[in-house]
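Scroll down for the structure; my scribbles are underneath it.
The values are calculated or read from the model by the stated rules, or taken from the named source; none is laboratory data. None of these values were measured; they are calculated from a predicted model. Neighbour counts run over all protein chains shown; Cβ positions are idealised from the backbone, glycine included. Only protein heavy atoms, including side chains, enter the accessible area calculation; ligands, DNA and RNA are left aside. Shrake-Rupley method; radii C 1.70, N 1.55, O 1.52, S 1.80 Å.
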Amino acid sequence: MQTHTYDVVIVGAGGAGMRAALESSGRARTAVVSKLYPTRSHTGAAQGGMCAALANVEEDNWEWHTFDTVKGGDYLVDQDAAEVMAKEAIDAVLDLERMGLPFNRTPEGKIDQRRFGGHTRNHGEAPVRRSCYAADRTGHMILQTLYQQCVKQDVEFFNEFYVFDVILTGDPATDDDVRAAGVVAYELATGEIHVIRAKSIVFATGGAGKVYKTTSNAHTLTGDGMAVAYRRGIPLEDMEFFQFHPTGLAGLGILLSEAARGEGAILRNAAGERFMERYAPTIKDLAPRDIVARSMANEVREGRGAGPNKDYVLLDLTHLEPAHIDAKLPDITEFARTYLGVEPYTEPVPVYPTAHYAMGGIPTNITTQVLRNNTDVVPGLFAAGEVACVSVHGSNRLGTNSLLDINVFGKRAGIAAAEYAATAELVELPEAPQADIEAELVRIRAGAGTENVAAIRKALQESMDLNAQVFRTEDSLIQALKDITALRDRYGRVGVSDRGTSYNTELVEAIELGFLIDLAEVVVVGALARKESRGGHFREDFPDRDDAEFMLHTMAYPTQPGDGVADSTVRLDYKPVVVTRYQPMERKY
Amino acid sequence: MTALADAPEAATDMGEIPSFEVTMRLERYDPDVENPQARWEEFTLTMHGTDRVLDALHKIKWDQDGSLAFRRSCAHGICGSDAMRINGKNRLACKTLLKDLDTSKPITVEPIKGLPVKKDLIVDMEPFFASYREVMPFLITTGNQPSAERLQSAEQRARFDDTTKCILCAACTTSCPVFWTDGQYFGPAAIVNAHRFIFDSRDEGGTQRLQILNDKEGVWRCRTTFNCSEACPRGIEVTKAIAEVKRAIVTRTF
Ligand SMILES: Cc1cc2nc3c(=O)[nH]c(=O)nc-3n(C[C@H](O)[C@H](O)[C@H](O)COP(=O)(O)OP(=O)(O)OC[C@H]3O[C@@H](n4cnc5c(N)ncnc54)[C@H](O)[C@@H]3O)c2cc1C
Ligand code: SF4
Ligand code: FES
């Protein structure tokens with residue numbers, strides 16, 4: 001075992017982690033710990049854009065952007081946080097441009113902007129051009145640009161180090177003086193354990209899409225940061241709200257950005273009907289994602305799906321100029337060619353909703369400090385990016401608001417962590433902080449378990465796709481919970497065939513699976529208790545939004561098996577939504 | 001109402017996806033045994049028409065031999081984790097469809113060449129990233145930051161578009177015969193990333209970068225074998241980028 005000491009340790013080197021590192025490394029001794037090489041992070045997969053009311057191509061302002069974010073999130077957004085994000089968006093984009101990000105340009109040489117779902121002028125009048133972009137590789141450019149700046153600033157990275165535990169000085173539920181003392185990491189190359197002490201810890205580990213089978217998320221997006229914090233007693237907020245992106249390549253889940261529809265592509269059913277005209281007469285194909293995804297699933301359910309099994313709909317780009325497609329959507333049209341053998345110039349592309357984004361996560365305030373209940377923070381613990389829930393996305397995130405979130409709150413986290421480290425002392429480490437995770441690693445690597453990691457994961461993901469996807473009911477969720485409980489039991493007997501210490505990727509997959517099981521349970525229990533439909537969470541047995549009962553954030557806490565909701569290991573509480581300017585209204589588009 | 005009139009022909013019929021047998025012949029290396037040595041191992045699998053080499057590797061790892069080690073993350077060609085030598089050519093496993101290979105013969109998969117093998121298909125990427133860092137791969141400017149964005153015309157932006165696509169997968173560098181024999185050579189990927197800044201109208205570090213690349217381990221080692229351009233999964237014209245950098249060193253115009 002090795003021990004290291006820093007002022008600030010940032011866990012995760014995606015957009016949020018590196019944006020934080022750029023702020024903190026100049027102010028405090030900083031290390032970034034990442035299970036992937038920074039440029040492998042899934043921020044690089046983001047396609048469509050990052051929005052800010054620059055008003056480069058038409059009238060726009062941050063207040064309209066705030067409104068769209070709140071309405072898009074079906075009023076579960078904390079409005080103070082949305083306002084911060086929309087205001088700071090403008091600098092966030094300009095920061096990136098000054099760092100060298102090659103945005104597409106207007107004829108005047110300014111940053112170009114395009115339309116994106118749910119972004120409107122003057123409180124819903126018409127779509128507005130707000131998304132700043134670099135072809136359909138905006139996330140790639142953000143990730144590369146931030147990494148380039150990290151190289152320039154000589155940021156210190158621990159690459160291929162997996163953080164499997166966070167060290168707290170007490171129980172966040174009962175201990176008012178609880179502090180964060182460091183993290184425990186596993187070095188993939190050698191199998192060695194590292195305890196990394198720090199005054200400030202920033203979690204920026206991204207999403208948890210692998211809870212589902214059909215997803216746009218990377219294999220490595222297993223919600224590690226969320227699960228690690230949760231296991232130590234930190235609540236998770238609003239986890240039942242998962243975004244299903246309408247246009248995943250059918251059967252594969254690989255994303256085709258909403259930018260396609262922003263550039264004019266149209267969704268059609270088997271009969272060729274532009275069915276979104278029925279569901280969202282005003283903004284049609286550019287309605288928010290939850291609405292489009294459900295409309296698509298409904299077309300399929302009612303027998304209007306395309307293909308031999310009638311199990312997908314079609315994204316039609318054939319009326320767009322090939323040259324326009326090549327200039328604006330080169331990558332995603334190549335995905336269609338490579339993976340489905342479909343030529344988007346001439347053929348419509350088979351698509352179906354894919355699990356895309358976790359609206360929920362580790363609760364934080366607007367300075368990114370982690371909350372351990374509805375009001376109190378854990379000093380020294382911060383979170384930003386998809387792992388966190390500020391909450392700027394409420395129950396449904398608008399497209400382009402996440403690349404924005406990681407930049408705005410990543411920056412805030414870096415500053416806050418460094419400032420805290422400047423005033424705080426290092427906390428004493430508890431006795432043998434690595435013991436728990438070490439025991440777990442030994443159990444799996446050297447124990448007698450025979451259950452197969454891949455088999456359990458597949459069963460989990462299939463149950464989640466079947467029971468907790470676009471449409472949910474009491475019955476389907478109870479089934480999912482049963483499945484999860486049975487799989488957790490099998491996980492207790494999990495084993496691996498690789499008993500080595502070097503690059504034991506099977507072992508890390510086993511640990512990641514443990515995280516997925518915990519998170520799936522939190523998603524399902526939250527969904528079961530939320531007897532309403534809002535944003536990404538749709539209950540067929542409770543199809544309406546119920547503001548009287550449920551205009552509240554879910555806060556999920558771990559508890560003893562059997563003590564939680566419906567005999568689960570999850571206890572639920574609720575937190576009020578921050579409302580400043582906008583009273584809830586019906587969400588129509 | 002509905003727009004039936006301008007609708008295209010409905011539903012491309014994708015039909016049943018055919019399945020087939022394939023043998024994967026993998027180069028294995030386990031550093032944890034005594035006297036570790038590379039060896040070949042074969043696995044026979046039933047796969048489907050839309051499966052990629054990465055799916056085959058996962059099938060082996062998940063159903064047959066969990067100890068098989070390889071890197072992967074995004075599974076659709078954008079993170080650069082899984083460059084490997086497939087039937088003798090560098091490719092991304094997640095972007096190579098099995099049906100595009102000759103499945104009547106075993107498909108060979110080896111680690112990319114020229115970087116130290118750590119385990120099975122995993123190589124040490126540090127030397128690769130070290131060369132990348134040496135070319136100052138970041139925007140260099142002088143003077144005050146502008147208060148809004150720097151202006152750049154669409155033409156100026158297009159000048160370096162191709163090389164912005166790089167995902168640092170190392171397929172190019174590890175397909176280069178010069179790099180195989182001389183690990184000190186910067187390699188195509190580093191030059192691609194230097195190109196990305198040299199030809200960016202906003203950048204003022206071109207002269208410094210050209211000096212670095214004019215070094216004995218720099219661009220002049222390139223013998224224009226085109227392996228790199230063929231290998232690049234992002235379709236970057238790597239050889240052309242290197243040629244442009246060479247020309248810029250000679251003419252000092254960029
Ligand atoms: C296909 C796709 C397209 C998208 N397009 C858009 C878009 O156009 N606009 C938009 O706004 N949003 C988009 N999104 C959403 C957005 O890209 C993500 O939400 C955002 O990039 C997440 O960034 P992050 O920094 O939080 O996490 P990530 O970029 O996922 O980074 C997570 C980091 O954490 C590290 N990590 C994870 N676990 C551990 C651990 N246990 N120990 C150590 N390190 C760990 C990883 O190595 C990685 O470096 C898209 C998402 C997808 C999947
Ligand atoms: S230039 Fe192409 S092959 Fe080379 S590292 Fe970049 S993406 Fe990979
Ligand atoms: S897994 Fe990301 S490029 Fe292949």
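Quick look at the numbers
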{"quantity": "Relative packing of A:53-63, A:410-420, B:98-108, which averages over residues the other C-beta atoms within 10 Å, highest first", "calculated": "A:410-420, A:53-63, B:98-108"}
{"quantity": "For chain B, built as a Gaussian network whose Cα springs stay under 10 Å, the top-fluctuating residue of B:GLU126, B:GLU34, B:GLU155", "calculated": "B:GLU34"}
{"quantity": "For chain A, the fraction of alpha-carbon pairs in successive 20 Å shells from zero, as %", "calculated": "22, 58, 20, 0"}
{"quantity": "Heavy-atom accessible surface of the protein assembly as shown: percent carbon and sulfur, 1.4 Å", "calculated": "48"}
{"quantity": "Efficiency of FRET from Cβ geometry, A:GLN583 and A:GLU540, R₀ 22 Å, rounded to 0.05", "calculated": "0.20"}
{"quantity": "For residues of B:49-58, the mean tally of beta carbons on other chains within 10 Å", "calculated": "1"}
{"quantity": "Mean ellipticity per residue at 222 nm, deg cm²/dmol - from DSSP H runs of n ≥ 4 across chain A, formula -39500 (n - 2.57)", "calculated": "-10500 deg cm²/dmol"}
{"quantity": "Heavy-atom accessible area per residue - chain A, 1.4 Å, Å²", "calculated": "30"}
{"quantity": "Over the range A:245-355, equivalent-ellipsoid semi-axes from the Cα gyration tensor in Å", "calculated": "20, 16, 12"}
{"quantity": "Entries in A:LYS35/B:LYS113; A:LYS35/A:LYS71; A:LYS210/B:LYS165; B:LYS59/B:LYS113; A:LYS411/B:LYS119 that, when Cα-Cα distance is taken, lie over 30 Å", "calculated": "A:LYS35/A:LYS71; A:LYS411/B:LYS119"}
{"quantity": "On Cα atoms only, tilt of A:15-24 relative to the major axis of chain A in degrees", "calculated": "60"}
{"quantity": "The range A:23-40-the range A:349-363 distance, computed between alpha-carbon centres (Å)", "calculated": "26"}
{"quantity": "Label-point gap, in nm, between B:ALA243 and B:ASP32 - each point 7 angstrom along Cα→Cβ", "calculated": "4.9"}
{"quantity": "Listed peptides B:76-84, B:160-168 by packing density, highest first (mean Cβ within 10 Å)", "calculated": "B:76-84, B:160-168"}
{"quantity": "Cα centroid of the range B:111-137 to Cα centroid of the range A:366-440, whole Å", "calculated": "32"}
{"quantity": "At least 40 Å² of accessible area lost relative to the chain alone, listed for the range B:60-85 with a 1.4 Å probe", "calculated": "B:LYS61, B:TRP62, B:GLY66, B:ARG71, B:ARG72, B:SER73, B:HIS76, B:ILE78, B:CYS79"}
{"quantity": "A:LEU426-A:HIS319 FRET efficiency (beta carbon distance; Förster radius 45 Å; 0.05 resolution)", "calculated": "0.15"}
{"quantity": "Selection from A:VAL408, A:SER34, A:SER257, by position along the positive dipole direction of chain A (Cβ)", "calculated": "A:SER257"}
{"quantity": "Inter-chain Cβ neighbour average for residues A:115-121, partner chain, 10 Å", "calculated": "0"}
{"quantity": "Length added when fully stretched, A:THR501-A:ASP573, from 0.36 nm per residue minus Cα-Cα", "calculated": "21.8 nm"}
{"quantity": "Chain pair A, B: total accessible area buried, heavy atoms, 1.4 Å probe, Å²", "calculated": "6100"}
{"quantity": "Rounded tilt (10° steps) of B:188-198 against the dominant C-alpha axis of chain B", "calculated": "40"}
{"quantity": "Residue-averaged beta-carbon neighbours from other chains (10 angstrom radius) around A:207-219", "calculated": "2"}
{"quantity": "Listed peptides A:249-262, A:311-324 by packing density, highest first (mean Cβ within 10 Å)", "calculated": "A:249-262, A:311-324"}
{"quantity": "Inter-label distance, nm, simple model (7 Å from Cα along the C-beta direction), B:THR181/B:ARG25", "calculated": "2.7"}
{"quantity": "Max mean-square fluctuation residue, GNM over chain B, Cα-Cα springs under 10 Å, options B:ARG150, B:ARG85, B:ARG234", "calculated": "B:ARG150"}
{"quantity": "Three-way shape label, the range A:155-291, alpha-carbon gyration tensor, a/c 1.5", "calculated": "prolate"}
{"quantity": "Cα gyration tensor, chain B - rounded (a/c under 1.5), prolate or oblate", "calculated": "oblate"}
{"quantity": "Per-pair calculated FRET efficiency, R0 = 41 Å: A:ASP489 and A:THR375 via Cβ, rounded to 0.05", "calculated": "0.70"}
{"quantity": "Antiparallel content of DSSP bridges confined to the protein assembly as shown, in %, to 5", "calculated": "70"}
{"quantity": "Degrees between helix A:474-491 axis and first principal axis of chain A (Cα, 0 to 90, nearest 10)", "calculated": "40"}
